[in-house]
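The values are calculated or read from the model by the stated rules, or taken from the named source; none is laboratory data. Everything numeric in this text was worked out from a predicted model, so none of it was measured. Backbone-built Cβ (ideal geometry, glycine too); neighbour counts: all protein chains shown. Just so you know, the surface numbers come from the protein's heavy atoms only, side chains and all, with ligands and any DNA or RNA stripped out. Shrake-Rupley method; radii C 1.70, N 1.55, O 1.52, S 1.80 Å.
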Amino acid sequence: MATKKKSDARPGDAALHRELLRSMLLQRRFEEKTAEAYALGKIGGFCHLYIGQEAVSTGTLSMLRPDDYVITTYRDHGQALARGMSPRALMAELFGRIDGCSRGKGGSMHLFDRNLNFLGGHGIVGSHVPVAAGVGFAIKYRGGDQVIICYMGDSVVNIGAFHEALNMAALWKLPCLFVVENNGYGMGTSVERAAAISDLSRRGAAYEGMDAVTVDGMDVFEVREATRAAVERARKHSTPTLMEIRTYRFMGHSMSDAVHSTYRTKAELDEYIKRDPIEQLKHRMLEAGELDAAAWDALDTTIRAEVQDAWDFADNSPEPPLEALYEDVLVDTVS
Amino acid sequence: MPIITYREALNAALREEMSRDDRVFIMGEEVAVYNGAYKVSKGLLEEFGEMRVVDTPIAELGFAGIGVGAAMVGLRPIIEFMTWNFALLAIDQVVNSAAKMLYMSGGQYNIPIVFRGPNGAALQLGAQHSQAFESWLAHIPGIKVVTPGTPYDAKGLLKSAVRDDNPVVILEGEMLYNTKGEVPDEEYLIPLGVAELKREGGDATIVTSGKMALVAMQAADKLAAEGIKIDVVDLRTIRPMDVEAIARSVQKTNRAVVLEEGWELCGIGAQVVDFIQRECFDDLDAPVVRVHQADVPMPYAKNLEKHAKPDVAKTIAAINKVLYRETV
């Protein structure tokens with residue numbers, strides 16, 4: 001675990017800190033609105049909220065370049081927003097509308113944005129990890145210095161695809177950041193009940209040439225510092241890193257799962273809520289004089305308006321035309 | 001015209017396409033140093049180097065996914081499975097990743113990838129190494145499924161598959177690799193989704209593909225000696241299926257046999273028969289008969305294996321049935 005505190009909280013970083021706060025708060029307010037829309041039946045299907053984990057998406061993605069690549073799981077709203085996806089396109093996708101980022105064909109679990117090199121939310125646990133290694137392979141093949149960041153839940157470390165991908169990424173020195181967002185539970189099964197190892201980053205020891213770190217995922221600065229180091233290794237030496245980022249989801253596994261259910265207690269949840277990454281950053285900024293109550297209120301008001309605008313936009317966006325049903329199955333081109 | 005093997009035809013297609021387009025690479029078990037488990041990639045490592053001819057660990061799911069990821073960002077991978085039996089470990093990447101990416105991204109990410117390798121039974125390889133997966137794969141929208149039966153088709157179809165901007169599955173035949181045929185030196189392509197009337201005759205139609213095209217031709221030869229003239233429609237591509245070619249032949253002959261390597265239930269033949277009964281109902285002079293593998297896992301014993309496989313004799317018996325032909 002990294003030990004530095006407030007590692008990049010230097011004077012003059014107020015603008016950066018405000019941007020980090022804005023990014024995380026946008027995710028939080030967006031998903032609160034998402035839950036509301038889901039309850040009203042405006043969003044269907046499976047819908048997995050990211051609330052509580054925002055320091056992971058913002059901390060990691062704030063260290064990447066626009067030409068880097070991002071791939072993730074079905075819990076993908078947070079990373080999409082942190083990567084810069086328009087809240088309008090995201091909400092329209094959740095509403096199943098033509099202006100959605102995937103033209104209404106993906107839904108909550110399959111957010112894509114080619115302009116952001118956002119390679120999708122993927123719905124099969126572990127399946128996208130080899131795909132990420134393939135993007136790393138392509139980067140190396142072309143001699144580029146980009147990186148691919150691949151998010152996954154803690155349950156992924158127990159599935160074969162994870163091992164196959166990490167083995168080849170280390171063997172072939174691919175510029176991949178494998179980010180395990182350890183929120184303690186794979187759906188309702190705790191890490192202790194699923195993995196025969198307690199420090200998930202120790203799985204990295206199985207692959208020579210792969211760095212492995214454990215990071216406090218409730219502290220956006222810790223996440224940034226660990227990401228900075230991993231990105232540097234990937235760019236300079238084309239080596240992969242396994243990052244176990246310890247976090248917690250404040251909501252249920254999906255919209256059908258109660259906030260605290262049979263598998264975890266309210267007391268446990270409350271303990272983590274005390275470490276809310278947004279509150280932590282906010283208080284740090286208040287203490288440092290980088291933020292005051294009025295500025296916080298203004299930021300919150302602006303973001304709430306932006307999210308409401310996304311809702312209104314999605315609500316007014318047309319459903320896909322029926323002929324879209326048969327589009328995008330295959331392309332007609334050859335190269 | 002030069003006569004070469006099916007294996008050499010595939011090798012020539014790989015070499016030509018890798019020379020033409022430096023985004024094309026081949027990856028799989030034993031494709032490089034070993035020269036390919038079936039020598040299809042022979043000499044490619046020497047010619048194109050280890051970045052483009054990539055040996056993998058035995059990790060089908062992993063390297064199939066690596067292919068999908070590389071294709072997503074602009075490369076054109078050819079993923080070789082040592083056999084399609086092993087590709088079951090990677091089927092998630094074929095079905096859930098490659099076949100779905102374009103659709104679920106709303107048209108943003110096409111996957112120009114080829115998954116290829118031998119399919120179906122060889123000789124006494126037992127239950128786990130002898131399966132034909134045409135119908136499994138053809139069931140999935142978002143991929144094309146190609147089944148070349150001759151060296152000429154193998155080269156022309158593989159070259160088209162590499163150039164196609166979609167995921168293409170190629171089901172080769174282990175028993176076909178040594179078969180020979182005419183393949184021109186000059187470049188040619190065979191469009192995907194176009195069947196070929198491999199033999200023309202007016203009495204009955206055999207609809208088939210892949211390795212079974214060879215069986216159909218042998219059956220037709222024997223029947224010709226008895227004065228029975230057969231249309232052999234080699235589908236060459238299972239998805240998309242050239243149904244017009246089926247209709248053209250059946251509307252002429254009024255009798256059809258569907259010959260496939262795989263099992264009966266929900267097989268390719270079921271789909272072909274469905275098409276024929278809808279589009280050629282008034283043309284039929286007999287019910288369509290299917291020839292396929294026995295509905296059992298493939299046995300090892302030589303006699304049982306032979307008994308399980310579709311073959312020339314079973315195909316001839318089926319033709320006799322649709323012709324209401326008495327045989328002794």
Accessible area that becomes buried as A packs against B, both chains, 1.4 Å probe, Å², nearest 100 | 3700
Where in chain A are the helices, taken as whole DSSP H runs, whose Cα atoms extend 18 angstrom or more along the long axis and whose Kyte-Doolittle mean reaches at least 0.5?
-> A:128-142
Accessible surface of B:Leu45 - all protein chains present, 1.4 Å probe, nearest 10 Å² = 50
Could you give me the ³J(HN,Hα) list for segment A:322-332, computed from phi with Karplus coefficients 6.51, -1.76, 1.60 and θ = phi - 60°, whole Hz, x at Gly and Pro?
-> 4, 5, 5, 3, 9, 8, 6, 7, 9, 9, 9
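Any idea what diffusion coefficient chain B gets from Stokes-Einstein, in µm²/s, Kirkwood Rh on alpha carbon pairs, 37 °C, 0.692 mPa s?
Details: Rh = 20.1 Å.
Here the translational diffusion coefficient equals 163 µm²/s.
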The set of residues whose placed amide H lies less than 5 Å from the amide H of B:Val146, leaving out same-chain residues fewer than 5 positions away, is B:Val169, B:Ile170, B:Leu171, B:Ile238
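Could you check how much of the accessible area of the protein assembly as shown is carbon and sulfur, as a whole percent, using a 1.4 Å probe?
The C+S portion of the solvent-accessible surface of the protein assembly as shown is 54 percent.
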Around A:Gly143, with a cut-off of 15 angstrom between Cβ atoms, what is the net charge of the other residues, counting Lys and Arg +1 and Asp and Glu -1?
-> +3
Please state the equivalent ellipsoid semi-axes for chain A: what are the square roots of 5 times the Cα gyration tensor eigenvalues, largest first, in whole Å?
-> 28, 26, 21
For segment B:291-317 and segment B:159-186, compute the distance between their C-alpha centroids and round to whole Å.
-> 26
Hey, can you grab everything whose amide H is under 5 Å from the amide H of A:Val179? Only 5+ residues off in sequence or another chain; H modelled, so Pro and N-termini drop out.
-> A:Cys150, A:Tyr151, A:Met152, A:Met243
Expected max-MSF residue from B:Lys211, B:Lys309, B:Lys144 in the GNM of chain B (alpha carbon, under 10 Å) is B:Lys309
How long is segment B:85-211 along each principal axis, judged by its Cα atoms, biggest number first, in Å?
-> 46, 38, 33
How high is the relative contact order of chain B, given as a whole-number percent (alpha carbon pairs under 8 Å, six or more residues apart)?
-> 16
Using a cut-off of 12 Å between beta-carbons, work out the net charge of the residues near A:Thr333 (Lys and Arg +1, Asp and Glu -1, A:Thr333 not included).
-> -2
Length-normalised contact order of segment B:3-182 in % [C-alpha pairs under 8 Å, at least 6 apart] = 27
How much mean residue ellipticity at 222 nm does chain A get from its helices, if each DSSP H run of length 4 or more adds -39500 (n - 2.57) and you divide by all residues, to the nearest 500 deg cm²/dmol?
-> -13500 deg cm²/dmol
Exposure rank, largest accessible area first [A:Tyr141, A:Tyr50; 1.4 Å] | A:Tyr141, A:Tyr50
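If segment B:196-322 were replaced by its equivalent ellipsoid, with semi-axes equal to the square roots of 5 times the Cα gyration tensor eigenvalues, what would those be, largest first, whole Å?
On the way: eigenvalues 100, 57, 32 Å².
Computed over segment B:196-322, the values are 22, 17, 13 Å.
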Taking a probe of 1.4 Å, how large is the accessible area per residue of segment B:100-187, in Å²?
-> 29
D_trans [Stokes-Einstein, Kirkwood Rh over alpha-carbon pairs] for segment B:3-182, 4 °C, 1.567 mPa s, µm² s⁻¹ = 81
From phi via Karplus (6.51, -1.76, 1.60), per-residue ³J(HN,Hα) for segment A:245-256 in Hz, x at Gly/Pro = 10, 7, 9, 7, 9, 7, 9, x, 4, 9, 5, 8
Using the Kirkwood formula over every pair of different C-alpha atoms, what hydrodynamic radius in Å results for the protein assembly as shown?
-> 26.9
Indicate the residues belonging to segment A:316-335 that lose 30 Å² or more of solvent-accessible heavy-atom surface (probe 1.4 Å) upon moving from the chain alone to the assembly of all protein chains, ignoring ligands and nucleic acids.
-> A:Asp328, A:Val329, A:Leu330, A:Val331, A:Thr333, A:Val334, A:Ser335
Charge tally for neighbours of B:Ala317 with beta carbon under 11 Å away, counting Lys, Arg as +1 and Asp, Glu as -1, is +2
Alpha-carbon centroid distance for the pair segment A:214-230 / segment A:59-98, whole angstrom = 19
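Percentage of Cα-Cα pair distances in segment A:235-320 greater than 17 Å, rounded to whole percent? Numbers along the way, then the final one.
Values: 2640 of 3655 pairs.
Value for segment A:235-320 (Cα pairs over 17 Å): 72 percent.
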Taking springs between alpha-carbon atoms closer than 10 angstrom, which of A:His260, A:His122, A:His110 fluctuates most in the Gaussian network model of chain A?
-> A:His260
Radius of gyration and Dmax over the Cα atoms of segment A:16-161, both given in Å = 14.9, 49
Scalar couplings 3J(HN,Hα) for segment B:247-255 by Karplus 6.51 cos²θ - 1.76 cosθ + 1.60 (θ = phi - 60°), nearest whole Hz, x for Gly and Pro, are 4, 4, 6, 5, 5, 8, 8, 6, 9
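Strictly over 29 Å apart at the Cα level, which of B:Lys222/B:Lys302; A:Lys236/B:Lys159; B:Lys100/B:Lys155; B:Lys222/B:Lys309; B:Lys252/B:Lys314; A:Lys140/B:Lys42 would you flag in this model? Each step should come with its number before you reach the end.
Numbers: B:Lys222/B:Lys302 24 Å; A:Lys236/B:Lys159 37 Å; B:Lys100/B:Lys155 27 Å; B:Lys222/B:Lys309 19 Å; B:Lys252/B:Lys314 23 Å; A:Lys140/B:Lys42 25 Å.
Violating the 29 Å limit, Cα to Cα: A:Lys236/B:Lys159.
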For segment B:196-322, report the accessible area per residue in Å² (1.4 Å probe, heavy atoms, rounded to an integer).
-> 45
